[in-house]
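Scroll down for the structure; my scribbles are underneath it.
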Amino acid sequence: QVQLVESGGGLVQAGGSLRLSCAASGRTFSSYAMGWFRQAPGKEREFVAAITSWSTLYYADSVKGRFTISRDNDKNTVYLQMNSLKPEDTAVYYCAADLGRTGGYYSSQRRYEYWGQGTRVTVSS
């Protein structure tokens with residue numbers, strides 16, 4: 001089992017920035033692909049960004065150019081730097097771990113086996 005704990009969410013004004021962190025308990029973290037997803041109240045969970053074990057990056061069109069995903073394997077942590085935040089970015093943000101036992105697109109939540117509890121981001125207008 002892989003335990004994921006997100007942090008860094010909070011309230012921010014439109015145009016502001018936040019950095020989310022996700023700490024993982026896995027002993028082979030460096031081999032995981034990691035993803036960030038978000039879910040607004042009453043809406044489907046959607047893909048935000050992903051980073052593979054070899055640091056290939058994937059972004060949803062809605063966040064490309066504003067968000068940056070990165071990882072620090074020495075700290076077993078993945079980050080989501082969010083800049084130029086918009087009210088439509090308001091959601092609970094979840095990190096997820098892909099241990100390489102599934103397939104498909106990195107944007108598909110079905111690829112990820114383990115999920116954190118989420119951290120809430122609220123962007124005011």
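The values are calculated or read from the model by the stated rules, or taken from the named source; none is laboratory data. Here the structure is a predicted model, which means the values were calculated and not measured. Counting neighbours? That spans all protein chains shown, and the Cβs are built from the backbone with ideal geometry, glycine included. Ligands, DNA and RNA are excluded from the accessible area calculation, which covers all protein heavy atoms including side chains. Shrake-Rupley method; radii C 1.70, N 1.55, O 1.52, S 1.80 Å.
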*asked:* For the range 109-120, give me each residue that is open to solvent by less than 50 Å² (accessible area, probe 1.4 Å) and either under 13 Å from the mean Cα position of the chain (by Cα) or under 28 Å from GLY15 (Cβ atoms) (or both).
replied: TYR112, TYR114, GLY116, GLY118, THR119
*Count, please, the residues in the range 89-109 that happen to be free of Cβ contacts under 8 Å to residues at least 40 places away in the same chain and touching a strand residue (DSSP E or B) at 6+ places or on another chain (Cβ under 9 Å).*
1
*Within the range 76-98, can one find any residue that is touching an Asp or Glu at 6+ places or on another chain (Cβ under 6 Å) and surrounded by 16 or more Cβ atoms within 10 Å (Cβ to Cβ)?*
yes
*Count, please, the residues in the range 54-64 that happen to be in contact (Cβ under 8 Å) with a residue 12 or more places away in the chain, surrounded by fewer than 17 Cβ atoms within 10 Å (Cβ to Cβ) and either more than 19 Å from GLY118 (Cβ to Cβ) or of a type in the set (Phe, Trp, Tyr) (or both).*
2
_Can you say whether SER70 is open to solvent by less than 50 Å² (accessible area, probe 1.4 Å) and either among the hydroxyl-bearing types (Ser, Thr, Tyr) or touching a Lys or Arg at 6+ places or on another chain (Cβ under 6 Å) (or both), as far as the supplied structure shows?_
yes
*Within the range 1-45, how many residues are out of contact with any helix residue (DSSP H, G or I) (no Cβ under 7 Å at 6 or more places or on another chain), at negative phi and crowded, with 16+ Cβ neighbours inside 10 Å?*
18
